[in-house]
Amino acid sequence: METFKFEPDVVENLGLVKASIDRAAAEAGRPAGAVNLTVVSKRFEGTQIEPLLVAGQRVFGENRVQEAQQKWPVLRARFEGCQLRLIGPLQSNKALEAVTLFDVIETLDRPKLAAALARAMEKSGRRPECLVQVNTGEESQKAGIAPTEAHAFIQQCLVEYQLPVTGLMCIPPVNEPPAPHFSLLHKLAEESGLSVVSMGMSSDYEIACQLGASHVRVGSAIFGVRPA
Ligand SMILES: *Cc1c(COP(=O)(O)O)cnc(C)c1O
C-alpha cells in the first residue's frame, strides 16, 4: 500500500482558528481582541513552526523545558518579539532554566515551586508572569491547586513570594463537558482580581472564548495530529 505524508496547511488553519475565536467571542458579546491565541507547538519541529512565525504569530506554548531549550533559541534569534509560555508541569529543580527561557509560566501549583521560582527570579533578574494552575476537576492524578485552596495559594504567591501572578489556568477532565470547569476558573480569577484566564484547547476553545478565557491554547487544530 502506498503511504504519503499529509502536510496540513498550518497558516490556513491558523486563520481558521483565529476566525473561530473572534466569532465565539463576538457571539458572547465580548470585545474584539478579548481572547489571545497561544499556539501549542510541543513535539512539532522548528521547520513546522516557522511558517506560523513568517505569518506573524508570536505567542507559543511548550510543555517541556528541555524541548523548548532545544527548539526556541534559534527561532527567536530569527523572529523578533516571540512570547514563550510554559504550559506543562515544572519541577522545582528546573525553575531557573524555566525562568531564563519562558516569558510566562502557566503551571504554578504548589508552595515548593513558588519558593523555587522566587529564588530563580532573584538570581536571574527575570520576572516572567505566572499563572496558578487550578485542578478544577479535583482529579487526584492531575496537577493544580484545589479550587477551595486557590485563593489562599494566590495570596501566598503574591505576598510571601512576591511572584508576578497575573491569572489562572486549567485543564478540565477529559471525559466531562468543559463548560462548568471554564465557568469555575473564570469565577475564581474574578474573585481574586486576576485578569488572565488560560483555558480551552483544540476541542473546546470556542466554549472557553464564550466563558471568559483571555488566552486559549490550541495545537492540533493548527498543526494536525501531534507526533507521539
Ligand atoms: C497539548 C496541550 C494543549 C493543546 O492541545 P490541543 O488539543 O492539541 O490543542 C493545551 N494545553 C495544554 C496544557 C497542553 O498540554
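Hey, what number do you get for the chain at 222 nm if only DSSP H runs of n ≥ 4 count, each worth -39500 (n - 2.57), divided across all residues, to the nearest 500?
-12500 deg cm²/dmol
Sorted from fewest to most neighbouring beta carbons within 10 Å, what does the list His181, His186 look like?
His186, His181
In debye, nearest 20, what is the charge dipole magnitude of the chain about its Cα centre with +1 on Lys and Arg Cβ and -1 on Asp and Glu Cβ, if you could check?
620
Relative contact order for the chain: what percent, with Cα pairs under 8 Å and sequence separation of 6 or more?
21
So what is Rg over Rh here for the chain, counting just Cα atoms and using Kirkwood for Rh?
Over the Cα atoms of the chain, Rg/Rh equals 0.96.
Looking at the range 159-203, I'd like the Rg to Rh ratio, where Rg is from alpha-carbon atoms and Rh is Kirkwood's inverse mean 1/r.
A ratio of 1.05.
Aspartates and glutamates within cross-link reach of Lys42: Cα-Cα under 12 Å, excluding same-chain residues under 8 positions apart?
Glu62, Glu67
Which helices count as membrane-span-like in the chain under these terms: full DSSP H, at least 24 Å along the axis by C-alpha, Kyte-Doolittle mean of -1.0 or more?
The answer, listed by residue number, is 10-27.
Ranked by Cβ crowding within 10 angstrom, fewest neighbours first, how are Phe153, Phe79, Phe182, Phe60 ordered?
Going from sparsest to densest Cβ surroundings: Phe79, Phe153, Phe182, Phe60.
With the cut-off at 24 Å, tell me which of the pairs Lys71/Lys187; Lys94/Lys142; Lys142/Lys187; Lys94/Lys187 have Cα atoms farther apart than that.
Where the Cα-Cα span goes over 24 Å, the pairs concerned are Lys71/Lys187; Lys94/Lys187.
For a quick size check, give me the Cα extents of the range 17-57 along its three principal axes, largest first, whole Å.
37, 19, 12
If neighbour count is taken as other Cβ atoms inside 10 Å, put Lys71, Lys112 in order from fewest to most.
Fewest-to-most ranking of Lys71, Lys112: Lys112, Lys71.
FYI, it's all coordinate maths here, none of it is from the lab. This one's a predicted model, so the numbers in the text were calculated from it and none came from an experiment. Cβ coordinates were reconstructed from backbone atoms using ideal geometry, including for glycine residues, and neighbour counts include every protein chain displayed.
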